[in-house]
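Nothing in this text is a laboratory measurement; each read-out follows from the coordinates by a stated rule. Computed from a predicted model, the values in this text were never measured in an experiment. For neighbour counting, all protein chains shown are included, and Cβ atoms are generated from backbone atoms with ideal geometry for every residue, glycine included.
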Amino acid sequence: MENKQVAENIASQLLKIKAVKLSPKEPFTWISGIKSPIYTDNRMTIAYPEFRQQIAQDLADLIQKNYPDANVISGVSTAGIPHATGVANILGLPMNYVRSKPKDHGTKSQIEGRIQPGDKVVVIDDLISTAGSILEAVDVVRAEGAEVVGTAAIFTYNLPEADKNVEAHKTTLKTLTNYPVMIEQAQKLGYVEAEDMDLLHQWYKDPESWCK
């Protein structure tokens, strides 16, 4: 998270459009089996033109500040593609996107769009949990001889596993907002009761054992 005002605004808008839902008393179950008081679907942002454009502008500002040498924007398929497109348009840069697996026909490429050895690439996704998807894309980009100067996303749960994975891949991650800001805004705007905040904080401290 780079800018508190941006972080609060993005968090508030995600809550408003119901891209983020909080339910401490009736938790969601992630694919991993982890019980969670939060469910996030940032794909919903593409349905809101003004908010979509704001996300693109905020990501572009973040990239210009933290990764000024970037000359190519890359999106993680599929949720990262619209945001990478918006950023590339604002910055006037070439773009590509990384497929989840190589095509089974033609060139059998896993990257669509511009990719060349020596490119300085920022990889964009919409959401970070363990950072697995975005880091798989980083590996694919690097395999083409390009340099990944960093990664960016709209929202992160700030889980320790994600931090460890990003560090192990020798890259950096910058996001517009995160879980602590999200629950703070949720309480401020009345999306959760004050009594729910303890549960939300408990999950953040130990998500694997929460609700067992």
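Worth a mention:
- Two-site label geometry, residue 187 and residue 43: point separation in nm, points 7 Å out along Cα→Cβ: 3.2 nm
- Euclidean distance of C-alpha centroids, region 1-79 and region 128-146, integer Å: 18 Å
- Checking (i) 30, 19, 15; (ii) 28, 19, 17; (iii) 37, 21, 13 against semi-axes √(5λ) of the Cα gyration tensor in Å calculated from these atoms, the matching label is (i).
- Dimensions in Å of region 46-95 - Rg and Dmax from alpha carbons: 10.3, 31
- Amide H to amide H distances under 5 Å link residue 119 with 147, where only residues 5 or more positions off or on other chains count and H is placed in the peptide plane.
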